[in-house]
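Here the structure is laid out as structure tokens; the discussion comes afterwards.
Rule-based calculations on the coordinates, nothing more; no lab input. This is a predicted model, so every value here is computed, not measured. We place every Cβ from the backbone using ideal geometry, glycine too, and count neighbours over all the protein chains shown.
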Amino acid sequence: MEKLTRRIKWGFGIGDLGGNLFFTMIGFYLLFFLTDIAGLSPALAGTVLMIGKIWDAITDPATGYLSDRTRSKWGRRRPYMFVGSIIALFFMGLMFTKPGFTEQSSMFIYFTVMYCLLNTAYTLINIPYTALLPELTQDFDQRTILNGYRMSFAVVGTFIGAGAALPIVGLFDSTVFGWKFVGYFEGAVLLITSMITVWAIREPEHTEMPSSIGFFKTYIEALTNKVFLLALIPWSLFILGTSMVQGALVYYFKYLFHNEGMFQIALVFLLASSLIFIPFWVKISQKIGKKWCYAIGMTIMTGGVLVFSLAGESVGVWGACIIMALAGTGFSTHYVMPHSILPDVVEYDSITHNGVRREGVFSSMWTFMSKIGQAIALALSGWILAFFHYIPDTIPSPETITGIKIICGPAPAIFYIAGIIFLYFYPISKSYYDKMISEADFRR
């Protein structure tokens, strides 16, 4: 089994600290910021998020396609990460800056433009970063180990993204300025961690000619790859459900527990248990396989969100924290397994396409679907809040409480269950993968 150096493990892993910080900040706080801080209506706020992610339908595939064909002395991926991280610093700050005007249509346009530009910057970082992994090792288990490092940093990024925001805002007399500072601070973390990865990783040299297949045919081929679809669909459904939970938790603690500050403590319970169990699931996956680890973990998560949403009020805030910790033991698999499955799919595609490597194409579709899942989730959350007559900073009606509970539990559970069903049919196991690699080596 080939061994990865410590520099590669740590240098690659830290890149997802900033990436997951971004994803968490958007997932946990952007809808709340738009409705409760900026004053945008819930329906318009949800639509902003939907439009911004649809914009990724252009930037994600384009970036993946171009990075696959890039040849430079710095590699195929790192030039995009370098540029994207610098741009992201500025637009992360502007995204969480309340404009000087209050008219709804003007704010809607402002935040839509900012969100599209911010997503473009993040795409330039995340698509090439994800595409790096299949190039760093071909070993089935080493990829899981490398993803263990990556996702350990990802959990730290989630801690910072979710846990630092409100305390930092509280340091300032002006809440509006506090959110602006948080935006620039977390943008700076994204910049620094991305630059560390750019510096630490040395990409393998690619001397082969890029594929001559056109843009649209390339993506049509990817989307008709059955193995890829059986990995992509569960991932998308799990992201959709998780994003709904993330976006609704702050509302649950603010309006049902009347203790917004405990939201931070509850996140510590969820994320700490997720971090602790990452090595456990990495070891277990070597025994029962990545697919079954992922399915078991998300089944635990499904039960956790249902119990939390339906029984959280009755067990109290500390009981709810314990429920979140138990759910986190399963949620841990969502950090590791899907990102370890994707490189196996990329290798499968390379072998079945005469050695042509299309990491950027598959990574862009993977990231694109995660963003679409998040967009649909946040848009649905905004629309559900509007449907149940949510009004910021008022005593919630029984209708509104019902809406918040639906977003926290039953709605995401439906997507989780559907994802688990699709995951059952994913075919690649360790024995399948080793046989595939051996046959490819023999043909060479």
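Observations on the structure shown:
- Options Ser309, Leu34, Leu17, ranked by Cα towards positive dipole end of the range 8-443, top entry (Cβ charges): Leu17
- Computed from phi, the 3J(HN,Hα) profile of the range 76-90 under the Karplus parametrisation 6.51, -1.76, 1.60 (θ = phi - 60°) reads 8, 9, 5, x, 5, 5, 4, 5, x, 5, 5, 5, 4, 3, 6 Hz, with x in place of Gly and Pro.
- Label zone at Ser72, where the point sits 7 Å out along the Cα-to-Cβ direction: the range 119-148 residues whose backbone N lies under 19 Å: 120-133, 135
- Neighbour counts of other Cβ atoms within 10 Å put Trp235, Trp10 in the fewest-to-most order Trp10, Trp235.
- Too-long pairs where the Cα-Cα distance tops 20 Å, listed order kept, from Lys291/Lys430; Lys226/Lys283; Lys3/Lys226; Lys226/Lys291: Lys226/Lys283; Lys3/Lys226
- When the Cα gyration tensor is reduced to axis lengths a ≥ b ≥ c, the ratio a/c is 1.5 or higher for the range 12-53, and with a/b above b/c it is classed as prolate.
- In order through the range 274-285: 3J(HN,Hα) via Karplus (6.51 cos²θ - 1.76 cosθ + 1.60), integer Hz, x for Gly, Pro: 4, 5, 4, 8, 4, x, 4, 5, 4, 5, 5, 4
- Averaging 1/r across all pairs of distinct Cα atoms in the range 243-289 and inverting the result yields a Kirkwood radius of 12.4 Å.
- If you take all other residues with their beta carbon under 12 Å from the beta carbon of Gly15, and give Lys and Arg +1 and Asp and Glu -1, the sum is +3.
- Given +1 at the Cβ of Lys and Arg, -1 at the Cβ of Asp and Glu and no other charges, the dipole of the chain around its Cα centre is 980 debye to the nearest 20.
- In sequence order, the range 104-119 has phi-based couplings of 4, 5, 5, 5, 4, 5, 4, 6, 5, 5, 4, 5, 5, 5, 5, 5 Hz under the Karplus curve 6.51 cos²θ - 1.76 cosθ + 1.60, θ = phi - 60°, and Gly or Pro positions carry x.
- The helix-only estimate of mean residue ellipticity at 222 nm for the chain, built from DSSP H runs of length n ≥ 4 each weighted as -39500 (n - 2.57), is -27500 deg cm²/dmol after division by the residue total.
- Applying both filters, DSSP loop and at most 14 other Cβ atoms within 10 Å, to the chymotrypsin sites (Phe, Trp or Tyr not before Pro) of the range 109-176 gives Phe172.
- Positive end of the dipole of the range 8-443 (Cβ unit charges, origin at the Cα centre): among Met92, Tyr348, Phe269, the Cα lying farthest that way belongs to Tyr348.
- Ranked list, fewest to most other Cβ atoms within 10 Å of each Cβ, for Glu347, Glu203: Glu203, Glu347
- Neighbour counting of Cβ atoms within 10 Å sorts the residues Thr35, Thr197, fewest neighbours leading, into Thr35, Thr197.
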